[in-house]
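One structure is given below, encoded as structure tokens.
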Amino acid sequence: MFTGIVEELGEITAVDEQPDTARLTVRGPLVTSDAKHGDSIAVNGVCLTVVDVSDGTFTVDVVRETLQRSSLDKVAAGDRVNLERAAALGQRLGGHIVQGHVDGTGVLLSRDEGGLTRFGIPSGLARYIVEKGSITVDGISLTVVDSLAEEFSVALIPTTLDLTTLGFREPGDIVNLEVDVLAKYVERLATPHLRAGQQ
């Protein structure tokens, strides 16, 4: 589990593409300071398992499902990425409950001078996004300003723009989205009862 509070801007140093997977090497001196084989680190909001740690870098394997569902299939050496270590029991939950299980990708549509940023979303995710609810964009815990059928907006403060990838994202860039897991569970639990009431 993660909180969506980015700890470090890392850098992809190598991408080893294989038939059904990819192995990424990522530079992140802070997140590797106590990392070991088997630990979880979120890379742009995707929970990945550390394979190896060496001299401020770590390697992870990314399977086909993750490549198809996230933007990691497009990363290249030199790209900057948001990094967060898994949450430890007893620490403050500064963002919200984030699993690191990306639901899909969105596209940055616009950002005004005040930081209001709009993202286009796949139609299947819109029902989980609500005004003043939580959403994770590239691993960053954010509060939804408004939600429409095909897009939503968030207000980005200068600190978020300075310390994460959203500071240099441009319109048209693809981002990873994880909706609030509580919304998905509520829908799953409520759906049979709603259907029964319609009969």
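The values are calculated or read from the model by the stated rules, or taken from the named source; none is laboratory data. Because the structure is a prediction, the values reported are computed rather than measured. Cβ placement follows ideal geometry from the backbone for every residue including glycine, while neighbour counts extend to all protein chains displayed.
Taken as a whole, the structure places L109 among residues that are under 18 Å from L156 (Cα atoms), in the same structural domain as T164 (by TED's automatic domain parsing) and in contact with an Asp or Glu (Cβ under 9 Å, 6 or more places away or on another chain). Of all residues in the stretch 164-175, exactly one satisfies the criterion of being among the β-branched types (V, I, T) and assigned to a helix (DSSP H, G or I), namely T165. Taking the condition modelled with pLDDT of 90 or more and either under 15 Å from the mean Cα position of the chain (by Cα) or not aliphatic (A, V, I, L, M) (or both), does I140 pass? Here the answer is yes, as I140 does meet what is asked.
The numbered conditions (1) among the acidic types (D, E); (2) surrounded by 15 or more Cβ atoms within 10 Å (Cβ to Cβ); (3) in a helix (DSSP H, G or I) are all true for E65 except (2).
Here D79 passes the criteria (1) buried (at least 22 other Cβ atoms within 10 Å of the Cβ); (2) in contact (Cβ under 8 Å) with a residue 60 or more places away in the chain; (3) in contact with a strand residue (DSSP E or B) (Cβ under 6 Å, 6 or more places away or on another chain) except the one numbered (1). Close contacts from the stretch 97-112, counting a first residue that is among the basic types (K, R) and a second that is surrounded by 16 or more Cβ atoms within 10 Å (Cβ to Cβ), with Cβ to Cβ under 7 Å and a gap of 6+ residues or different chains, come to R111/T117. List, please: which pairs have Cβ atoms under 9 Å, are six or more places apart or on different chains, and start with a residue in the stretch 18-43 that is assigned by TED's automatic domain parsing to the domain that holds S70 and within 17 Å of T165 (Cα to Cα) and end with one that is at pLDDT below 95 and of a type in the set (V, I, T)? From the stretch 18-43, the pairs are A42/V98. Checked against the criterion of being surrounded by fewer than 14 Cβ atoms within 10 Å (Cβ to Cβ), in a loop (DSSP other than H, G, I, E, B) and not polar (S, T, N, Q), the stretch 52-60 has at least one qualifying residue. Just one of the numbered conditions (1) modelled with pLDDT under 95; (2) part of a strand (DSSP E or B) is not true of S153: (1).
The residues listed here are L161, L182; of these, the one that is in a helix (DSSP H, G or I), touching a Gly at 6+ places or on another chain (Cβ under 7 Å), in contact (Cβ under 8 Å) with a residue 40 or more places away in the chain and surrounded by fewer than 19 Cβ atoms within 10 Å (Cβ to Cβ) is L161. Taking first residues from the stretch 120-131 that are over 17 Å from L109 (Cα atoms) and partners that are modelled with pLDDT under 90, the Cβ contacts under 7 Å between residues at least 6 apart in sequence or on separate chains come to Y128/D180; Y128/A183; Y128/K184.
For (1) in a loop (DSSP other than H, G, I, E, B); (2) out of contact with any Gly (no Cβ under 8 Å at 6 or more places or on another chain), each residue gets a yes or a no:
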| site | (1), (2) |
| --- | --- |
| R23 | no, yes |
| V26 | no, no |
| L30 | yes, yes |
| D34 | yes, yes |
| H37 | yes, yes |
| I41 | no, no |
| V50 | no, no |
| L72 | no, yes |
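Of the residues making up the stretch 174-181, one or more are under 22 Å from R69 (Cβ atoms) and polar (S, T, N, Q).
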